[in-house]
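> Dropping the structure in here first, questions after.
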């Protein structure tokens, strides 16, 4: 039986593979074992999934997928935005 970590990684990979060039954002409550990952645009508008993954691990997983992630310039915003790094 796959662990929560394996399930979260699989769900993340599947979600990103559907639209790899989209801009993604994620957010979670401090210390929460779950994070919400969203992407904007497309026919469906805003699409989100909830992953059983702490935000620090999601940040690391997004970087491993080739995304640059950063907090927004506006200090009132708490999400993290991720954009795919173009490959030459």
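> Do we find a residue being surrounded by fewer than 17 Cβ atoms within 10 Å (Cβ to Cβ), outside any loop (DSSP other than H, G, I, E, B) and in contact with a helix residue (DSSP H, G or I) (Cβ under 7 Å, 6 or more places away or on another chain) anywhere in the range 47-57?
Yes, the range 47-57 has at least one match.
> Still on this structure, please answer the following. Only residues that are touching a strand residue (DSSP E or B) at 6+ places or on another chain (Cβ under 8 Å) and closer than 17 Å to residue 18 by Cβ: list them for the range 42-57, please.
Residues satisfying the conditions are 46, 47, 48, 49, 50, 51.
> Return the residues of the range 5-26 that are under 12 Å from residue 58 (Cβ atoms) and at pLDDT below 90; say none if nothing qualifies.
Residue satisfying the conditions is 5 alone.
> Something else: What are the pairs with Cβ atoms under 6 angstrom where one residue, in the range 63-82, is at positive phi and free of Cβ contacts under 8 Å to residues at least 60 places away in the same chain and the other, located anywhere, is part of a helix (DSSP H, G or I) and loosely packed, with under 13 Cβ neighbours inside 10 Å? Sequence gap at least six, or different chains.
none
> Follow-up. Please go through the range 20-46 and give me each residue that is assigned to a loop (DSSP other than H, G, I, E, B) and either touching a helix residue (DSSP H, G or I) at 6+ places or on another chain (Cβ under 8 Å) or within 16 Å of residue 68 (Cα to Cα) (or both), ordered by number.
20, 21, 22, 23, 28, 32 - these are the residues of the range 20-46 that are assigned to a loop (DSSP other than H, G, I, E, B) and either touching a helix residue (DSSP H, G or I) at 6+ places or on another chain (Cβ under 8 Å) or within 16 Å of residue 68 (Cα to Cα) (or both).
The values are calculated or read from the model by the stated rules, or taken from the named source; none is laboratory data. Values in this document were obtained by computation on a predicted structure and should not be read as measured data. Don't worry about glycine lacking a Cβ; one is built from the backbone with ideal geometry, like all the others, and counts go over all protein chains shown.
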